[in-house]
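Worksheet: one structure, shown below.
The values are calculated or read from the model by the stated rules, or taken from the named source; none is laboratory data. Keep in mind that what you see is a predicted model, and the values were worked out from it rather than measured. So basically every Cβ, Gly included, is an ideal-geometry build from the backbone, and we count neighbours across all protein chains shown. SASA here: full protein model, heavy atoms, side chains in, ligands and nucleic acids out. Shrake-Rupley method; radii C 1.70, N 1.55, O 1.52, S 1.80 Å.
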Amino acid sequence: MKYILIGIISYFIGNISFAYILGKIFANKDVRDYGSGSAGATNALRTFGKKIGAMVFLGDVLKGAIAATIGIRWGGQTGAYIAGAFVIIGHNWPVLLNFRGGKGVATTIGVMIFVNFFLTSICVVIGLLTIIFTRTVSLGSIFGMASAPIVAVLFVRPFDTELLVFCLFIAGMSIYRHKDNIKRLKNGSENKL
């Protein structure tokens with residue numbers, strides 16, 4: 001029962017869309033009507049500027065961290081994985097916004113900081129280096145997230161099966177949510193910073 005409760009609470013924490021809320025407060029606009037149509041930090045950055053983009057990113061990281069903290073306190077490491085999965089799902093498909101959310105990168109970072117800080121640090125560096133060299137946020141997001149299972153296998157000792165399964169989940173989720181970006185990357189039309 002506690003895991004169900006963790007999942008429900010985390011899902012609704014994920015529904016708190018900082019891109020949507022801050023866009024409405026500061027610009028009276030729905031971020032989903034602009035750019036990529038995503039309610040996330042990158043689209044907020046492109047639509048509303050650096051200040052709001054940074055605030056959205058921090059807010060999304062924070063909600064991932066809050067959910068993971070609740071999961072750990074109520075259900076240990078397994079609780080953290082459940083909370084992490086559901087807060088990301090809640091961010092990506094928020095019922096309160098008709099299931100039109102973001103892509104979950106910042107929220108995933110917030111979760112992963114509490115799940116495994118060492119692994120998260122490596123994946124963030126991989127993502128940032130990709131963004132710096134390609135000037136393409138989506139490519140950095142995909143590479144950073146997709147590297148998580150590989151980093152878990154190569155560098156996390158002792159080997160943690162639950163962590164690997166969770167990393168496969170976040171990598172798969174990120175690739176799926178970036179499917180339109182992947183198409184644009186293939187045809188050379190993806191936006192750069």
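Here are a few things to note about the model shown:
- Unique match (being at pLDDT 95 or above, closer than 19 Å to L128 by Cβ and among the hydroxyl-bearing types (S, T, Y)) among S147, S174: S147
- Annotation note: Cβ proximity below 9 Å between a residue of the stretch 49-77 that is free of Cβ contacts under 8 Å to residues at least 12 places away in the same chain and a residue that is of a type in the set (K, R) and surrounded by fewer than 21 Cβ atoms within 10 Å (Cβ to Cβ) (sequence gap 6+ or interchain) occurs for no pair.
- Members of the stretch 98-128 that are closer than 13 Å to G40 by Cα, of a type in the set (A, V, I, L, M, F, W, C) and open to solvent by less than 30 Å² (accessible area, probe 1.4 Å): A106
- Cβ-Cβ distances below 8 Å connect the following pairs, each with a first residue in the stretch 174-193 that is of a type outside the set (K, R), a second residue that is open to solvent by 80 Å² or more (accessible area, probe 1.4 Å) and in a helix (DSSP H, G or I), and a separation of six or more residues or different chains: N191/R46.
- Residue count for the stretch 24-46 satisfying the condition of being under 19 Å from the mean Cα position of the chain (by Cα) and over 26 Å from A68 (Cα atoms): 6.
- Selection from the stretch 177-193 of residues that are assigned to a helix (DSSP H, G or I) and over 12 Å from the mean Cα position of the chain (by Cα): K179, D180, N181, I182, K183, R184, L185, K186, N187
- For the stretch 17-34, a residue qualifies if it is without any contact (Cβ under 8 Å) to a residue 60 or more places away in the chain, touching a helix residue (DSSP H, G or I) at 6+ places or on another chain (Cβ under 9 Å) and not in a helix (DSSP H, G or I), and the qualifying residues are K29, D30, Y34.
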